[in-house]
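Only one structure is covered here, and it is reproduced in the block below.
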Amino acid sequence: MKKILFLMLGMLAFVNCSAGTKKSDSNNNEVEMEKILFINGSPNRDGNTAALAKVLLEGRKYETINLNDYRLNFYGQKLEGDQLDEVIAKMKEADIVVMGSPVYWHNICASVRTLMERFYGYVPDGEFKGKRLFFVYQGAAPTKMMIDDGEYSMSRFAGMYGFSYEGMATSKSEAKTLKGKLK
């Protein structure tokens, strides 16, 4: 009896774990949903960067990680407590990664920049092949140069590690347009 109960609990757990990963298409066939991860580089977890991601991802389920909740040592440091591997593991689980950064000091914020720098020499080139990367990047009044530099950095990062770079949104209207690429 215990074996049957244990087996039934295991099956129930399996069904619950997979319940959120499928949806029905127009012919009522089950299809796998893409897993989306939003990486928020802003120290304000509910600020403008998160709001821009919310517009881009409206109507979709996604997980958010706030980089300020993770200890990411600087490039070249070997200190205890580093959580880079946890962030990379979450990125590997996702089909779509949305990287979010405010414009600080004329470019990508330090937490996102540190994450990108830490990949160098640690993550093999092409490691994220088949995954898609979107970028939300906002600030009070960024200049064209700041926007161009941020997009250049993110597109190079994507290309180096195998992501398909889908584009950048710097405003709610751009996020609504970019949302069309999620389909």
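The values are calculated or read from the model by the stated rules, or taken from the named source; none is laboratory data. What you see is a predicted model, and the numbers here were worked out from it, not measured in a lab. When we count neighbours, we look across all protein chains shown, and the Cβ atoms used for this are built from the backbone with ideal geometry, even at glycine. Quick note on the areas: whole protein, heavy atoms, side chains included, nothing else; ligands and nucleic acids left out. Shrake-Rupley method; radii C 1.70, N 1.55, O 1.52, S 1.80 Å.
Remark on Ala169: its backbone amide H falls under 5 Å from those of Phe135, Val136, Tyr137, a criterion applied only to residues 5 or more positions apart or on other chains, H modelled at 1.01 Å from N. With the charge dipole of segment 120-183 set up from +1 on Lys and Arg Cβ and -1 on Asp and Glu Cβ about the Cα centre, the Cα lying farthest toward the positive end among the listed residues Ala140, Ala175, Val123 is that of Ala175.
When all protein chains stay in place and ligands, DNA and RNA are ignored, the 1.4 Å accessible-area order of Tyr165, Tyr137, largest first, is Tyr165, Tyr137. Around the Cα centre of segment 105-183, unit charges on the Cβ atoms of Lys, Arg, Asp and Glu (plus for the first two, minus for the last two) sum to a dipole of about 400 debye.
Judged by the gyration tensor of its Cα atoms, with axes a ≥ b ≥ c, segment 36-97 is oblate; a/c meets the 1.5 cut and b/c is at least as large as a/b.
Annotation: average projected area of segment 78-130 is 4.6 square nanometres, based on the convex hull of Cα atoms across all directions.
For segment 140-183, the equivalent ellipsoid built from the Cα gyration tensor has semi-axes of 19, 17, 5 Å, listed from largest to smallest.
Note on segment 28-146: lysine pairs with Cα distance below 24 Å, sequence gap of 8 or more or different chains, count 20.
DSSP assigns beta bridges within segment 81-183; of those with both partners inside it, close to 15 percent run antiparallel. Think of each Lys and Arg Cβ as +1 and each Asp and Glu Cβ as -1; about the Cα centre, that makes the dipole of segment 39-129 roughly 200 debye.
Using only Cα coordinates, the Kirkwood hydrodynamic radius of segment 111-179 works out to 12.8 Å.
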